[in-house]
Structure formats: C-alpha cells, structure tokens
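Written below as structure tokens is the structure these notes are about.
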Amino acid sequence: MAASETDKYGDDAEALRRLGATREKILSQLETVIVGQRQVIDELLLTIFAGGHALLVGVPGLAKTLLVSSLAKCLSLKFHRIQFTPDLMPSDITGTEVIQDDPATGHRRFKFLRGPVFANVILADEINRTPPKTQAALLEAMQERQVSVGGEDYKLAEPFFVLATQNPIEQEGTYPLPEAQLDRFLLNILVDYPSADEELDIMRLATGPDVGEPREVLSGEAIVELAGLVRRIAVAEHVFLYARGIVRASRPGGETAPDFVKRYVRWGCGPRASLGLILAGKARAALRGRPCVDIDDINAVAPPVMRHRLILNFEAQSEDLTTDDIIARLVENQGALRHA
C-alpha cells in the first residue's frame, strides 16, 4: 500500500470517519447507473468490507450484473463474470494446464493458463445451473483463497469476493447448492422488484441518450486495509451474548428454543451464523463511522446472515412461513428476553 494511503487510514478514528464518508461516495456513484436497491448495495458493501462472499437471490432483469460490475468499478477492482451452465467444467473456472514448447531448450513443458477466477470480484451468474463438481471448484477457491492444479497451489488476488446469483423461480434443470455449501456465503441478499416510482426512473435512465459511468472511489489496497479496520471494531460482551442467543434459539433441539422454533424449524443455524452476525455487525458499524457494534447492528444483519442457514419443516411451508418470518420472531423474542 502506498505511504500516503497508509497515513490516510493509519488512525482508526480518522479512518472510521473517512470510511463513513466513502460509503456515501460509493452510494452516490452507483446512483448514476442503478436506481433504488439501497439495501442491496448496503449489504454488498457489508460483504466486501467484512471479507466475505454473498449470494444474491432475485428474478432475472433486476440489474444484478450491472450492480456488481459497477461496484467493482467504484472500488477499482478487476471484475469477471462467469455464466454458470450445465456443461461448465471446473477448469473453465480455475484454469487449465497446456503443453507448450520451450524455444530455448526444445523441450515441452506444462504451462498453467489462469481461468476467470483470478480476479478480485467474481460474479457467479446462476450458480445453481451447474453440476456440484463445478460448484465445488468455485467454493474451494472461496474458502482457501487459492486454486490447486497439477500439484501446484496458485494464490488468488487480494481482495477476493464471490458474488453469486440464483434465480428463485426456475428450478427445473438446476443443481441447488447443498446447505453445507450455502453456509460458506456470509450473506444471502434478496433482490426485490423496484417500487413504481423507481421503475419509472429505470425506464427513463436505461432508454436515455447518456447512461452514466461510476467513478473510482477506493483502491483495492485501501479495501484490504479497511477490512483490517473492520476486524478491530469493538464488541461489548452483552452484544456477543445477544448474537449468541439469537443463533442458539434457532435450534429446535436446544434448551433455549422457543415453541415456534420447535414447531416450524427442522434445522437451526450453526456457529458460522454467530460469527457472521458479529462480523457483519462490525462492518455495518464501521461503514456508518461508529467504533463499536450495537444491538441494532445485529438486528439489521440477522436476516441476510441467517436466512440461508435455517431449514424450515413441512408445517412451516404449509402455512406459507419464510425463514425471514422466523428470524423476525427470533429477534423479537431475544429483545424481549433482554428487557425482561
């Protein structure tokens, strides 16, 4: 990192102030190409500054690709989009070895040609349309931050984020991610339809003569530095206990599970949800220029952190309950216990 940027982010209090201002600059730049979706953008920023990965769930045509590519431009990051299809192979993602003649010696040798995963921001478009073997190749890169080919390990660039999309409607011919692999995503972000006014603005913007272009706001090196700052955000003991309480109450076999969890939940959240609540809570506090996490931060990040980690039973589905309904009741229940 350049000396000027190190000085710029050296003092935590000043860095937090600048990070809060930077968030507003990023939002302002994205508004030149994206209409609405403020909560989605906020949750994407949480993912990036927490150093995690996100799954974006929404129907086609909601500008998910445009949003991710525009965000990568704002953050001066190398962006690659991978369209997942049933015939996609692991080597199409990670890269492959080819035989190449060495003109100096006349001998042949293997050379590794890097795949599209060697970028900072990977958009895994419709990740559930490719078989598990290919999904696993990407998920290994997400977890290990490296690719192993021919007995050699190739480190991925820093920062590295996978933002995968999934269509919630079409499920025929798809390969849904197993729960253990879904657990690797820090956040599950719902991308909803725009409001009536927003849809009108989209029509005007997308069909106009001059579509805006977002400008760079941060460098990749600064993002790595600020991700370290997020880790240093303070968390009081009562906030740790509150987050733990929500997660443990989601497990129907646990001692603290309320009656509605025992009735509607088949499997509750694992320990990664507890970690996710704290880490996403730290990122939310930092992006708002605050030096410590509060209960409101935990409540705000609970839905995207937990919704892909809860498995509801048939009774819940028959009553049209969603994981978000259960999470809302868990948060309400934990708040009541805290004030009892």
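The values are calculated or read from the model by the stated rules, or taken from the named source; none is laboratory data. Bear in mind that the values here come from a model prediction, so they are computed numbers and not experimental data. Neighbour counts are summed over all protein chains in view; Cβ atoms, including those assigned to glycine, are modelled from backbone coordinates with ideal geometry.
Can Glu152 be described as farther than 20 Å from Val305 by Cα and acidic (Asp, Glu)? Yes. When Arg290, Arg266 are checked against the criterion of being closer than 22 Å to Leu182 by Cβ, basic (Lys, Arg) and either in contact with a Leu (Cβ under 9 Å, 6 or more places away or on another chain) or assigned by TED's automatic domain parsing to the domain that holds Ala50 (or both), Arg266 stands alone in meeting it. Scanning the stretch 196-225 for residues that are among the polar types (S, T, N, Q) and either closer than 16 Å to Cys74 by Cβ or at pLDDT 85 or above (or both) returns a single hit, Ser219. The strands (runs of 3 or more DSSP E) falling completely within the stretch 89-176 that include 3 or more residues that are touching a strand residue (DSSP E or B) at 6+ places or on another chain (Cβ under 8 Å) and closer than 30 Å to Ser219 by Cα map to 108-114, 121-125, 146-149, 152-155, 161-166. May I ask you to verify whether Leu163 is at pLDDT 85 or above, surrounded by 13 or more Cβ atoms within 10 Å (Cβ to Cβ) and over 23 Å from Asn120 (Cβ atoms)? No: the conditions fail for Leu163.
Inspect all residues belonging to the stretch 253-270 and state whether any of them is of a type outside the set (Lys, Arg), without any contact (Cβ under 8 Å) to a residue 60 or more places away in the chain, within 27 Å of Ile48 (Cβ to Cβ) and buried (at least 18 other Cβ atoms within 10 Å of the Cβ). Looking for residues that are of a type outside the set (Lys, Arg), without any contact (Cβ under 8 Å) to a residue 60 or more places away in the chain, within 27 Å of Ile48 (Cβ to Cβ) and buried (at least 18 other Cβ atoms within 10 Å of the Cβ), one finds at least one in the stretch 253-270, hence yes.
Residues in the stretch 61-90 that are farther than 17 Å from Val121 by Cβ and in contact (Cβ under 8 Å) with a residue 40 or more places away in the chain: Leu62, Thr85, Pro86, Leu88, Met89, Pro90.
Within the stretch 217-235, being closer than 18 Å to Ala13 by Cβ and aliphatic (A, V, I, L, M) holds for Ala222, Leu226, Ala227, Leu229, Val230, Ile233, Ala234, Val235.
Set side by side, the residues Glu216, Glu198 differ, and just one is touching a residue at least 24 places away in the same chain (Cβ under 8 Å), outside the structural domain of Pro303 (by TED's automatic domain parsing), among the acidic types (Asp, Glu) and in a loop (DSSP other than H, G, I, E, B), which is Glu216. Modelled with pLDDT of 90 or more, within 29 Å of Cys292 (Cβ to Cβ), among the hydrophobic types (A, V, I, L, M, F, W, C) and not in a loop (DSSP other than H, G, I, E, B): is that true of Phe240 in this structure? Criteria met by Phe240.
Listed here are the residues, each with its yes/no results for (1) of a type outside the set (Ser, Thr, Tyr); (2) within 15 Å of the chain's Cα centre (by Cα).
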site	(1), (2)
Arg266	yes, no
Ser274	no, no
Lys282	yes, yes
Arg288	yes, no
Pro304	yes, yes
Ile311	yes, no
Gln334	yes, no
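So, Glu24, is that one assigned to a helix (DSSP H, G or I), modelled with pLDDT of 85 or more, buried (at least 19 other Cβ atoms within 10 Å of the Cβ) and among the acidic types (Asp, Glu) or not? No. All of Leu241, Leu190 fail the test of being in contact with a strand residue (DSSP E or B) (Cβ under 7 Å, 6 or more places away or on another chain) and not polar (S, T, N, Q), apart from Leu190.
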